[in-house]
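Engineer: Just passing along the structure, written as structure tokens.
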Amino acid sequence: MMNEKASTAQAPSVPRGRTIEKVITGIPGFDEISFGGLPRGRLTAVVGSPGAGKTVFALQTIINRLITLEEPCIFVTFEEPLSRIRSNIASFDWKAEILDNPMFRFVDARLPEQAVMTGAFDIDGLLAGLTALVEESGARNIVFDGIDMLLSSLQDERLERQELLRLGHWISNSDISAIVTVKTFGAGNRDQIRADFLLYMTDCLIVLTETVTATGSSRTIRIAKYRGSGFAGNPVPVVIGSSGIDVVAFKGQRVDYPTFLDRLSSGVPRLDALLNGGYLRGSSTLISGSPGTSKTSLAVSFIAAACARGDRALLVSFDESGSQIVANMSSIGIDLAPHIESGLLSICSFLSGGRSPEQFFVEIRNQFEADRTDCLVIDPISALLKTDYPFSAMICENLLDMAKSRGATVVCTSLLDQASHSIELSASQVSTIADTWLHVSYVARDGERNRALTIIKSRGTGHSNQVRQLVLEASGIDLVDVYVAEGEVLMGSGRAQKEAETERLHVLEQIVAERQRLNRDRQLAEARAQVQAAALELGWKQREADLLTLAEKNRQEVYREAAIERLGLRRATDDLPPADISTTQDILQDQNNASG
Amino acid sequence: MHPVDPPPDGMDASGEGAGEEPAVYLRLYVARSTPNSVRAERNLTAVLASLKHERVLRFLEVIDVFLQPRRAVTEGVIVTPTLIGLRGDKRIVLMGDLADRSQLEGVLAGLSKD
């Protein structure tokens, strides 16, 4: 309740496009859904069943304003005496002495029990007294608590309306911000008429409900009307804890989340490579998968990497205790102990049930803000999504919202159970908010199960559609490249088998190639040999031809010599001068010429 | 508003100096001249007039809460008109315009009885 940081963060804010002036309530989450608090100088009605928290809401508001804005206040009670109110707030960690602060005035406006109703009456007397009190104290805030007690003692609804209008006028004329709490039972004609009229005449109407469910009670708050302002009108879960009322909403003031460009390591280098460096700072990542697929290890790897960098991390676990997690992680070579000791790592273990999702939210949020966490892991976030709780998705959204507004990076794991469709549906709701979605599954083949990691979605990066094998070893987590053969992804021994097969084929191919080569060589050699043989033959033939020519020459020569000899014999008797041994040839030539 | 039979100052509720019987002090808190308050005053004075024959000393004070707001707060007057009747240790509170005369008479009678 006492938001010490309220003074730094919560100046009265004006929502876009409107000019109504608002004052903060200081109630965590409420100022967010109302975009700045309640209207200044106007009437706000808080209605709800008994015990829904109306008085706490009103009291918390004026006390917050007293402390942070130093505005004096008046608490007018129609139902409970001061002593009861004191004991009601004793259970909160508010300093109860605040009720003794001179700036806090208490007016007991309970109708005397023994009073006799004799006819029509009005609250002018009270208002007159209050006017004097306001003037004297300078009060800027006033609460009329349990005014239904007064209204019910009026004879009919017409008189009720009259008094409510009278009250409304008084408030506007007094320049004071007023909260009126009205018990409604949701039944009965007059009750309904009263509620309708309140809706009509007030500037702002807030409805608190409490429903008892099988698992406990669940409270909600809803802004039913807010004249002159935008507001978030859905019912929002409320927790009443030791600090008072806590509205489980953390919608940022509609400003853009801080954006970053740098990436944070996931703790697995090969995965970082696939994600362009890791998870984008300020983003949210969902790791889904069946039980045992090592989602937790993957998520906690992110934490280990974060702390190694010096970032502050918060691990929220719904499954295991802190010591269990540390032990599990050390088996894969990740040592969290030093980070816990140094204070960089906080672990929130919610092992016991019995708490509603909004109570978890409040605890996580409180720890997150106390630590100023940079890196948040929620394992599994599906723990907040079970039991058909209507606000599950909203609470998850709020958690992610909260983290993103602070620039923290979030990794959530989620159990995707085939059998439970509601969980799948919710997880898909979360996935629309998640920037990155990794899925770990089991791939079974040939009697073996291996883990496969698929990047289903990765906003802002191109990512591989391929599946990688996730391996856990004593040295840590690793991703192994997937083996694709014939369009099928293989891992484990199937992979080894396939690899051997391919090797064999490769060898075969090599042999075939070798054989072919040899063939060619042989043919080539043959051809060469042929060429050689032909060349030899050519040589012989050539020789033959040469020989023949020579032989012919010889023959001609022999014939000529013979002819000359004959001629020589005949001339020897004629005392012929020794013939010029012209060649026989010439003689023959002459003979030829003479005869020819 | 002019009070009828204003009690002497300093007199307490036990009504000393009014004889053996304690007096009845009636304080009618009204809000200016709003309809309810006007009616209450009228009704009360009429009934008191009709009871004048009784041997009971009654003091009536009409207090306008707008003129004396502090008194209203200290006496715990929330609504107007409110009639507070005191006699001895008895204290009765009537809220409303006292429209029911017989009821008012009955209450006053009860206050006067010992």
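Engineer: Within region A:129-150, can you find the residues that are of a type in the set (S, T, N, Q) and either buried (at least 23 other Cβ atoms within 10 Å of the Cβ) or under 55 Å from the mean Cα position of the chain (by Cα) (or both)?
Structural biologist: Of everything in region A:129-150, those that are of a type in the set (S, T, N, Q) and either buried (at least 23 other Cβ atoms within 10 Å of the Cβ) or under 55 Å from the mean Cα position of the chain (by Cα) (or both) turn out to be A:SER137, A:ASN141.
Engineer: Taking region A:129-151 only, how many residues are closer than 22 Å to A:TYR200 by Cβ and within 13 Å of chain B (Cβ to nearest Cβ)?
Structural biologist: 6
Engineer: State all residues of region B:58-92 that are free of Cβ contacts under 8 Å to residues at least 24 places away in the same chain and buried (at least 21 other Cβ atoms within 10 Å of the Cβ); if no residue qualifies, say none.
Structural biologist: B:PRO69, B:VAL73, B:ILE78, B:VAL79
Engineer: Moving to a separate point now. Within region B:56-88, how many residues are more than 7 Å from chain A (Cβ to nearest Cβ), within 15 Å of the chain's Cα centre (by Cα) and not in a strand (DSSP E or B)?
Structural biologist: Selection size over region B:56-88: 5.
Engineer: For region A:75-121, enumerate the residues that are over 30 Å from A:GLN162 (Cβ atoms) and β-branched (Val, Ile, Thr).
Structural biologist: Answer for region A:75-121, where residues must be over 30 Å from A:GLN162 (Cβ atoms) and β-branched (Val, Ile, Thr): A:ILE89, A:ILE98.
Engineer: Is at least one residue of region A:108-117 basic (Lys, Arg) and assigned to a helix (DSSP H, G or I)?
Structural biologist: no
Engineer: Next question. Output the residues belonging to region B:89-110 that are more than 9 Å from chain A (Cβ to nearest Cβ) and either assigned to a loop (DSSP other than H, G, I, E, B) or within 11 Å of the chain's Cα centre (by Cα) (or both).
Structural biologist: Within region B:89-110, B:ASP89, B:LEU108 qualify.
Engineer: Let me ask you something else. Looking at region A:117-128, which of the residues that are at the interface with chain B (Cβ under 7 Å from one of its Cβ atoms) and more than 15 Å from A:MET149 (Cα to Cα) is surrounded by the most Cβ atoms within 10 Å (Cβ to Cβ)?
Structural biologist: Ranking the qualifying residues of region A:117-128, first place goes to A:GLY125.
Engineer: Return yes when A:GLU160 is out of contact with any Leu (no Cβ under 9 Å at 6 or more places or on another chain), assigned to a helix (DSSP H, G or I) and more than 9 Å from chain B (Cβ to nearest Cβ) and no when it is not.
Structural biologist: No; evaluated as a whole, the condition is false for this residue.
Engineer: Can we say A:ARG65 is within 14 Å of another protein chain (Cβ to nearest Cβ), at pLDDT 90 or above and not in a loop (DSSP other than H, G, I, E, B)?
Structural biologist: no
Engineer: Next question, about the same structure. Would you point out which residue out of A:ARG365, A:ARG312 is in contact (Cβ under 8 Å) with a residue 24 or more places away in the chain, among the basic types (Lys, Arg) and within 23 Å of A:GLY29 (Cα to Cα)?
Structural biologist: So the residue among A:ARG365, A:ARG312 that is in contact (Cβ under 8 Å) with a residue 24 or more places away in the chain, among the basic types (Lys, Arg) and within 23 Å of A:GLY29 (Cα to Cα) is A:ARG365.
Engineer: Follow-up. Kindly state which helices (runs of 4 or more DSSP H) lie completely within region A:286-375 and contain at least 3 residues that are farther than 16 Å from A:SER265 by Cα and at pLDDT below 85.
Structural biologist: Correct list: A:357-371.
Engineer: Among the numbered criteria (1) over 48 Å from the mean Cα position of the chain (by Cα); (2) over 19 Å from A:SER177 (Cβ atoms), which one does A:ALA96 miss?
Structural biologist: (1)
Engineer: Yes or no: A:ILE62 closer than 15 Å to A:PRO102 by Cα and surrounded by 23 or more Cβ atoms within 10 Å (Cβ to Cβ)?
Structural biologist: Considered against the rule, which asks whether it is closer than 15 Å to A:PRO102 by Cα and surrounded by 23 or more Cβ atoms within 10 Å (Cβ to Cβ), A:ILE62 comes out as yes.
Engineer: Would you mention how many residues in region A:401-440 are within 19 Å of A:PRO291 (Cβ to Cβ) and at pLDDT 80 or above?
Structural biologist: Counting residues in region A:401-440 that are within 19 Å of A:PRO291 (Cβ to Cβ) and at pLDDT 80 or above gives 8.
Engineer: Pull up region B:33-55, narrow it to residues that are among the basic types (Lys, Arg) and surrounded by fewer than 16 Cβ atoms within 10 Å (Cβ to Cβ), then point me to the one that is farthest from the other protein chains (Cβ to nearest Cβ).
Structural biologist: Checked region B:33-55; the qualifying residue farthest from the other protein chains (Cβ to nearest Cβ) is B:ARG55.
Engineer: Look at B:VAL79 and say whether it is modelled with pLDDT of 90 or more and of a type outside the set (Asp, Glu).
Structural biologist: Spelling it out, it is not the case that B:VAL79 is modelled with pLDDT of 90 or more and of a type outside the set (Asp, Glu).
The values are calculated or read from the model by the stated rules, or taken from the named source; none is laboratory data. Computed from a predicted model, the values in this text were never measured in an experiment. Cβ coordinates were reconstructed from backbone atoms using ideal geometry, including for glycine residues, and neighbour counts include every protein chain displayed.
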